[in-house]
1. Say a paramagnetic label sat at a point 7 Å from the Cα of residue 198, along Cα to Cβ; which residues of segment 73-102 have their backbone N under 15 Å from it?
2. Around residue 181, under 14 Å between beta carbons, what's the net of Lys plus Arg minus Asp minus Glu among the other residues?
3. Given H placed 1.01 Å from N in the peptide plane, which residues other than close sequence neighbours of residue 86 have an amide H under 5 Å from its amide H?
4. Would you order 103, 46 from fewest to most other beta-carbon atoms within 10 Å of each residue's own beta-carbon?
5. Got a sec? How would 141, 173, 89 order by Cβ neighbour count within 10 Å, fewest to most?
6. Given Cα pairs under 8 Å that are at least 6 residues apart, what percent is the relative contact order of segment 44-195?
Amino acid sequence: MVGELPVNVRQMLKVAANNSQRLHLLINDLLDIEKLVSDKVHFVLKPYDLTALVKEAILMNSPLGEAQGITLSLAATLENAWVLTDKDRFLQALSNLQSNAIKYSPANGQVTMTITQPKEGVLCVAVQDQGPGIPESFQSRIFEKFAQADTSDTRKKGGTGLGLAITKQLMERMQGSIGFISEAGQGSCFWLTLPAATQVDNSV
């Protein structure tokens, strides 16, 4: 509306916009963690097709990946992979893992998901990235609130340090769990587990 802005003004506005976005994310994460800790989040656990949920999460986060040339894909699944979960909360948890994987993946990289059954009555979805991996010195603190690896590269990626803490709380409230394996230079693989459920007909 005011015409072409000077370069220094455009740079200041870009910084202000970025800071506003980070503040918005921080406020949302703080609200989520406060509600979880104070037991104000309501969970409705129902049987869902895990493959369909993972595909839905991929569709949700593909635009974020495409902006960096990163492809999200489901590499392996199972027949009749039904789980007992709260759909919206599970999608929030899985989206947290996918967005982290995108954030730390190299340009034109891949983020792959697999669905497995590690043991009777439990199903697992894993998210594998091609990033730098998690420093061993940080791995024991990774699910703590506000935890961030003390490396310049990690801090450049931004984030509130609450995403994984929120994801852990969500999964545990849904009778599930979260875990990971990572080696420096070999990427990271995070997984979510949920109790298996009997297939239902949601078309009725």
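1. Those under the cut-off are 82-84.
2. Numbers: positive: none; negative: 129, 136, 183.
Surrounding charge for residue 181 is -3.
3. Those lying under 5 Å, H to H, from residue 86 are 46.
4. Values: 103 17, 46 12.
Ascending number of Cβ neighbours within 10 Å: 46, 103.
5. Working: 141 11, 173 15, 89 22.
Lowest to highest Cβ neighbour count: 141, 173, 89.
6. Values: 284 pairs, mean separation 37.0, N = 152.
Once normalised by length, the contact order is 24 percent.
We did not get these values from a lab; they are worked out from the coordinates using the rules stated. Treat the numbers as computed from the prediction; the structure is a model and nothing was measured. Counting neighbours? That spans all protein chains shown, and the Cβs are built from the backbone with ideal geometry, glycine included.
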